[in-house]
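Report on one structure; see the data block that follows.
The values are calculated or read from the model by the stated rules, or taken from the named source; none is laboratory data. These numbers were taken from a predicted model, which means no experiment stands behind them. Cβ: placed from backbone, ideal geometry, glycine included. Neighbour counts: every protein chain shown.
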Amino acid sequence: MTSNLEGKVYTVTGGASGMGKATAKLLAQRGAAAVCIGDFNDKNFDTVKEEIAAVAPKTEIVTTKLDVSNSGDVKSWIQSVIEKFGRLDGSANVAGVPQASNARQRPTILEENDEGWKRTMSVNIDGVMYCTREEVRAMVSLPKEPTGRAIVNVASLASMMHTPDTYAYGASKRACASFSSSVAKDVLGFGIRVNTVSPGATLTPMMSQFFPDGTSEEAIKALGMYMVEPIDIARAIVYLLSEESDKITGVNLAVGSGTSLA
């Protein structure tokens, strides 16, 4: 299936697995000319390339080992995309680190350590800021596109909820959503849309450290919600990157079990 993504170039952080990989694959299936994947986990790069080539052989896949918490690495990465392709039509900033929920003894704030807090913030909000900043820098330097350009930052349903055991994670994801809506207003006049997607519990490799069996039944028992698949999140991201959502900016779209309605 192709759509209005034909001929366009996209970047995806965290694209070596889970939601990021599903997003990169769907962008390719929808006709993207190139998808540039940045991920700290470079062990899966060959597998990702093979999987995407099997369903979208015309799409060029470029992989780069990337630490999104390093602003210099991010700047170099985005510059390399512009140097190679001369354009950047959209970006999905999916990379993130998790934090276990309902896994510590209360008062859980006493178990929130400095190292874990700083690591979570450095990836989940610093990384989003570094990526968004360089993506905007690149986009405004290019001639305006009639259909505009788009950035999607991935937060979490934790950005909409209060939980007693995900301080760093929840704070970082709320910050991500707030940051994204602020940038959306800032760059509206430059033809750039910025939105947030907030997944619920999703069946990704990252989630396996909390639910070893990787089943929705586990999540329902522990969290009172079912799990969604990475492709469910990818569809939302790709929609917000496409022309089909050209009048949507500054939103935080929840994708999951309806927990945000509570």
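Do the conditions hold for residue 58, that is, is it out of contact with any helix residue (DSSP H, G or I) (no Cβ under 6 Å at 6 or more places or on another chain), part of a loop (DSSP other than H, G, I, E, B), more than 20 Å from residue 141 (Cβ to Cβ) and not β-branched (Val, Ile, Thr)? Yes. In region 89-120, the residue that is modelled with the lowest pLDDT out of those that are in a loop (DSSP other than H, G, I, E, B) and among the polar types (S, T, N, Q) is 102.
Being in a helix (DSSP H, G or I) and either of a type in the set (A, V, I, L, M, F, W, C) or out of contact with any helix residue (DSSP H, G or I) (no Cβ under 8 Å at 6 or more places or on another chain) (or both) is the requirement here; does residue 72 meet it? For residue 72, the condition - in a helix (DSSP H, G or I) and either of a type in the set (A, V, I, L, M, F, W, C) or out of contact with any helix residue (DSSP H, G or I) (no Cβ under 8 Å at 6 or more places or on another chain) (or both) - is met. Contact map, region 21-33: first residue touching a residue at least 60 places away in the same chain (Cβ under 8 Å) and within 14 Å of residue 230 (Cα to Cα), second residue acidic (Asp, Glu) and assigned to a strand (DSSP E or B), Cβ cut-off under 9 Å, separation 6 or more or different chains; pairs are 21/39. Within region 20-52, being assigned to a strand (DSSP E or B), among the small types (Gly, Ala, Ser) and crowded, with 23+ Cβ neighbours inside 10 Å holds for 32, 38. Only residues that are under 20 Å from the mean Cα position of the chain (by Cα) and at pLDDT 65 or above were counted in region 187-232, giving 17.
For region 77-100, which positions are touching a Leu at 6+ places or on another chain (Cβ under 9 Å) and either closer than 15 Å to residue 62 by Cα or of a type outside the set (A, V, I, L, M, F, W, C) (or both)?
77, 78, 81, 82, 86, 87, 88, 89, 90, 91, 92
Residue pairs whose Cβ atoms lie under 6 Å apart, sitting 6 or more positions apart in sequence or on different chains, and linking a residue in region 146-160 that is under 12 Å from residue 255 (Cα atoms) to a partner that is assigned to a loop (DSSP other than H, G, I, E, B) and modelled with pLDDT of 90 or more, are 154/94.
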